[in-house]
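Trainee: Dumping the structure here so I can ask a few things about it.
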Amino acid sequence: QVQLVESGGGLVQPGGSLRLSCAASGISFGLSVMGWYRQAPGMQRELVAVVTPGGITNYADSVKGRFTISVDYAGNTVYLEMNSLKPEDTAVYYCNANQMGRVYWGQGTQVTVSS
């Protein structure tokens, strides 16, 4: 059974930083594209960042230069380092795994950027 469990969300002031974690079980990172998505109130879920099994990363234009996705293969954990946070980054952030066409989602973690 695949499980993706996010943590690390919270309230942060504009310009601050947060690191999200996604602990994964039941999947092989070597066969999966891992990613982070987010959904703000009233908006569609959107891609934030993804990383392929080969380590290639891709980011939404809105977060390039501020966010970094990384993988701890030994710990089966995916991270999203978020710096220079803006109010428009406020959303529920979801961990995603695509293992050979099968897609899995975590339950989400709330990130709120506000003074």
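The values are calculated or read from the model by the stated rules, or taken from the named source; none is laboratory data. The model shown is predicted, which means the values in this text are computed figures rather than measured ones. Quick reminder, even Gly has a Cβ in these numbers, built from the backbone with ideal geometry, and neighbours come from all protein chains shown. Protein only, heavy atoms only, side chains kept; ligands, DNA and RNA dropped before computing areas. Shrake-Rupley method; radii C 1.70, N 1.55, O 1.52, S 1.80 Å.
Trainee: Kindly provide the set of residues from the stretch 1-30 that are in a strand (DSSP E or B), surrounded by 12 or more Cβ atoms within 10 Å (Cβ to Cβ) and not aliphatic (A, V, I, L, M), ordered by number.
Mentor: 3, 6, 7, 10, 19, 21, 22
Trainee: Tell me yes or no: at least one residue of the stretch 48-56 is touching a Gly at 6+ places or on another chain (Cβ under 9 Å) and at pLDDT below 95.
Mentor: Within the stretch 48-56, one or more residues are touching a Gly at 6+ places or on another chain (Cβ under 9 Å) and at pLDDT below 95.
Trainee: Could you please find all residues in the stretch 103-115 being within 28 Å of residue 31 (Cβ to Cβ) and touching a residue at least 24 places away in the same chain (Cβ under 8 Å)?
Mentor: Restricting attention to the stretch 103-115, the residues satisfying the condition of being within 28 Å of residue 31 (Cβ to Cβ) are 103-109.
Within the stretch 103-115, 104, 105, 106, 107, 108, 109 meet the criteria.
Residue-wise test of (1) over 19 Å from residue 12 (Cβ atoms); (2) in a loop (DSSP other than H, G, I, E, B).
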| site | (1), (2) |
| --- | --- |
| 63 | no, yes |
| 69 | no, no |
| 81 | no, no |
| 88 | no, no |
| 92 | no, no |
| 96 | yes, no |
| 104 | yes, no |
| 111 | no, no |
| 115 | no, yes |
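Trainee: Consider the stretch 57-101. How many of its residues are open to solvent by 70 Å² or more (accessible area, probe 1.4 Å), within 17 Å of residue 28 (Cβ to Cβ) and free of Cβ contacts under 8 Å to residues at least 60 places away in the same chain?
Mentor: 2
Trainee: Filter the stretch 31-55 for residues that are out of contact with any strand residue (DSSP E or B) (no Cβ under 9 Å at 6 or more places or on another chain) and either part of a strand (DSSP E or B) or touching a residue at least 40 places away in the same chain (Cβ under 8 Å) (or both) and give the result.
Mentor: none
Trainee: In the stretch 10-28, what residues are at pLDDT 95 or above, hydroxyl-bearing (Ser, Thr, Tyr) and over 12 Å from residue 77 (Cβ atoms)?
Mentor: Matches in the stretch 10-28: 17 only.
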